[in-house]
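S.K.: Here it is: the structure, laid out below.
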Amino acid sequence: MRVRRGLLFWGLLLIPLGAIPLLVRAGQIDPNRLVDAWRLWPLVVIGFGLLVLAGRTRFGLVGLVVIALTVGSIGGAALASGNLWLGAFGGCGFGSSGAATQVDKTGSLSGAGTVDLELSCGSIDLATVPGAGWTFHAAYRGPEPTVEGSADRLTIRSPSGGGDRRQDWTVRLPADATKTIDLTANAATTTVDLGAAKLDEFHTAMNAGDVRIAAAEATVGRLEVTMNAGRMRVTLGATATSGSLSVNAGAIDLCVPPGAGLRLDVEEQLTFVTNLSSRGLGHAGTVWSRPASGGGVIDLSVEGNAASFNLNPDGGC
């Protein structure tokens, strides 16, 4: 019998990729036991070794099976447990995890200010405060972050390059003068508390990290979110919001108040799991919706690959 190796590989990969999150959701597996799933990666190397040595023989098929099941299991564990195991990469280098050097900057924004933050490796604690002034504190290892401020723009970036480095930022932005936030973080833990800010736009792109965005009291005209290989939790208020959520090899949880209207245009596909069918929403085509009873409409397009999306999860956001 001739075996189609491509179909065999994807079939064996997708089974644990979907089965593990389902078993966790059903309470059959404790997600905390999946923290060390990434440590299975040597099996992938072994599988490739078997493929090289055995070629197209039946032993080569064993290598293919090992690779597919290992990658699928690691991916399924990542989906089920958010990004618990990503902390293993938190040092972003080979030295100690402590960041010894510190820097502080201050300034102010006037009018419709734009804030651009870009961090690779570390953490961001971002919040809004009353007034027009901003503050920035960084504890870092390696090169110093760059900070550029003007009357209507604040740009903060971590330096490019590799090596032993880490940056931990504490950023406070003026709620009255900040209208647009662009936030990019790679291999980082990020918390965002927008307070009572009234933003025109909030854009965020996250890669290999854990993110929590609290905007229950804020107004966000447009929300654009991209998450790759990690977990994001977003809490919105009852005001009208439009935008998009995109997740690849990760998870996004969205919490909204009961009075907010919803219109979620969800791109359905085999490796994208949602809980929308259990949330009492109307369903027509790709759109899940409910009318507003005490607020505006949250209108979002949602898409994902090897990922999950949960609306108002039982544990909250």
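The values are calculated or read from the model by the stated rules, or taken from the named source; none is laboratory data. Quick caveat: nothing in here was measured; it's all calculated off a predicted structure. Glycine also receives a Cβ, built like all others from the backbone with ideal geometry; neighbour counts cover every protein chain displayed.
S.K.: Among the residues of segment 309-317, is any closer than 17 Å to Thr226 by Cβ, in contact (Cβ under 8 Å) with a residue 40 or more places away in the chain and not in a loop (DSSP other than H, G, I, E, B)?
M.R.: yes
S.K.: Right, another one. For Gly49, indicate whether it is small (Gly, Ala, Ser), in a helix (DSSP H, G or I), modelled with pLDDT of 70 or more and crowded, with 20+ Cβ neighbours inside 10 Å.
M.R.: Judged against the criteria, Gly49 is not a match.
S.K.: For segment 235-243, does any single residue satisfy the condition of being in contact with a Ser or Thr (Cβ under 6 Å, 6 or more places away or on another chain), buried (at least 21 other Cβ atoms within 10 Å of the Cβ) and of a type in the set (A, V, I, L, M, F, W, C)?
M.R.: Within segment 235-243 (the criterion being in contact with a Ser or Thr (Cβ under 6 Å, 6 or more places away or on another chain), buried (at least 21 other Cβ atoms within 10 Å of the Cβ) and of a type in the set (A, V, I, L, M, F, W, C)), the answer is no, since none of the residues qualifies.
S.K.: Which of (1) more than 27 Å from Asp253 (Cα to Cα); (2) part of a loop (DSSP other than H, G, I, E, B); (3) not β-branched (Val, Ile, Thr) does Ala196 not meet, given it meets every other one?
M.R.: Status for Ala196: all satisfied but (1).
S.K.: So which residues in segment 285-317 are aliphatic (A, V, I, L, M) and at pLDDT 95 or above, if there are any at all?
M.R.: First, pick out the residues of segment 285-317 that are aliphatic (A, V, I, L, M): 287, 292, 297-298, 300, 302, 306-307, 311.
If the condition is that a residue be aliphatic (A, V, I, L, M) and at pLDDT 95 or above, then Val287, Val297, Ile298, Leu300, Val302, Leu311 are the ones that fit.
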